[in-house]
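A.B. asks: I have a structure I would like to understand better, so I am pasting it below and will then ask my questions one at a time.
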Amino acid sequence: MMPDDNLPSPAKFSLAGSFFFWIFWLSGAALCLLFGIFLFITATGASVVAVWNLLIVLAQCLLLTKSAHYFHTREKPVSELMLWAAFAGIAMPLIAFGGCAVINDMGNGVRFAG
Amino acid sequence: MTIHFLFDLLAMTASVMVSMWFRRRYQLSHPAGITQPAKYHYYLIALLLGLAAGSTLFGTLNLHLSGQHGLAKSMTGGIVGAIFAAELYKYFSGIRQSTGLYFMPGLIVLIAVGRIGCFYAGLPDYTYGVKTALPWGVDFGDGIYRHPVQLYESLAMLLFLIFFLKSHAQNPTFWQQRGFYLFVLVYATQRFCWEFIKPYTPVYSQLNLFHLLSLCLIAYALIMLKRSPAHAA
């Protein structure tokens, strides 16, 4: 008997579950990068906006890192990891672009998170 | 606009705190009828997708219909999208009862506080009212006194929250079965009224996009309220 036989086998994730997890995860990573650029641009001028962008980037990094880690170790169900990634990729950008008018005028470019 | 996202942050914090308090007090660990963790996760993902799609689609559409370029979010659009996604998910996963009460107190607080942010954001937020001679008209910086329609909505939601919290303790079953639909009815009705004093471009007769969305929500709420006694069995 091998020593590992007594350990619970890691959960198997479905192909669809894994696919959607990575779709959400990659969209979250892309938006994290976008807010990283916003942070870089706003770091010198508007301090409140820079702090906001920093918080968004940190929160997204935390969610994305932890969800990727748990996906790798299979410690949490794929449905929960999909929810984490969806939160990072959908909910957080929705929250992060403060206000009702996200971009006032295309000519002025993106209004950096408020 | 910095003030708006500070209020967004405040609104979300208040919303989460009220939700946690309500769920703890009435021991709601999941939305009614959703007991399996995976179903709960997929339900939340459906809600998120619907909320983001509806909010951005209808917010931006209204902006463009009013002749302004850009990208916008809309609370009514978000509610329409989230309800559509939730009902679709519930239909395909066999959930036949109201699940909205779980989110309702948090959502009310989110709107009530978030709208104060819209008010302080002023003209760039494009959520102000039309010109008024009433004594409480507000000058948002262009010299025109306008209806503070954001505060009307905030106040309406606050009054509904007080009514809900007082009434829920006496009749929790009613609120569990029909509470969310009643909230949708009240939210859509007050929003329908306020839209008459907003500067948005009409798309049909005197009705703008949010009038039409509000009418959809009112129809949804009335249908579900009519059907809800059958769910109680």
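Any read-out appearing in this document is the output of simple, stated calculations on the displayed coordinates, not a laboratory observation. Note that the structure is a prediction, hence the values are computed from the model and not measured. As a convention, Cβ positions derive from the backbone with ideal geometry for all residues, glycine included, and neighbour counts pool all protein chains shown.
A.B. asks: Here are some residues: B:ALA38, B:ALA46, B:ALA53, B:ALA32. Which one is more than 11 Å from chain A (Cβ to nearest Cβ) and either assigned to a helix (DSSP H, G or I) or touching a residue at least 40 places away in the same chain (Cβ under 8 Å) (or both)? Lay out the reasoning, then the answer.
C.D. replies: Details: B:ALA38 fails: more than 11 Å from chain A (Cβ to nearest Cβ); B:ALA46 fails: more than 11 Å from chain A (Cβ to nearest Cβ); B:ALA53 fails: more than 11 Å from chain A (Cβ to nearest Cβ).
Of B:ALA38, B:ALA46, B:ALA53, B:ALA32, the one residue that is more than 11 Å from chain A (Cβ to nearest Cβ) and either assigned to a helix (DSSP H, G or I) or touching a residue at least 40 places away in the same chain (Cβ under 8 Å) (or both) is B:ALA32.
A.B. asks: I've got another one for you. For the stretch B:1-21, give me each residue that is more than 11 Å from chain A (Cβ to nearest Cβ), over 26 Å from A:MET82 (Cβ atoms) and either of a type outside the set (A, V, I, L, M, F, W, C) or in contact with a Leu (Cβ under 8 Å, 6 or more places away or on another chain) (or both).
C.D. replies: Residue satisfying the conditions is B:ALA14 alone.
A.B. asks: Which of (1) crowded, with 21+ Cβ neighbours inside 10 Å; (2) outside any loop (DSSP other than H, G, I, E, B); (3) away from chain A (no Cβ under 13 Å) is the odd one out, the single condition B:SER98 does not satisfy?
C.D. replies: (2)
A.B. asks: So, one more: Considering only residues that are part of a helix (DSSP H, G or I), more than 10 Å from chain B (Cβ to nearest Cβ) and over 11 Å from A:PHE21 (Cβ atoms), which ones fall in the stretch A:65-87? I'd like the intermediate steps shown before the answer.
C.D. replies: From the stretch A:65-87, those part of a helix (DSSP H, G or I) are A:65-73, A:78-87; that's our starting set.
Filter again for more than 10 Å from chain B (Cβ to nearest Cβ), leaving A:65-73.
A:THR65, A:LYS66, A:HIS69, A:HIS72, A:THR73, listed by residue number.
A.B. asks: For the stretch B:225-233, indicate whether the set of residues that are outside any helix (DSSP H, G or I) and of a type outside the set (Lys, Arg) is non-empty.
C.D. replies: Of all residues in the stretch B:225-233, those outside any helix (DSSP H, G or I) come to B:232-233.
Adding the requirement that they be of a type outside the set (Lys, Arg) leaves B:232-233.
Yes, because at least one residue in the stretch B:225-233 is outside any helix (DSSP H, G or I) and of a type outside the set (Lys, Arg).
A.B. asks: Let me ask something else. Counting only residues that are farther than 19 Å from B:SER74 by Cβ and acidic (Asp, Glu), which one in the stretch B:105-162 is nearest to the other protein chains (Cβ to nearest Cβ)?
C.D. replies: Here the residue is B:ASP142.
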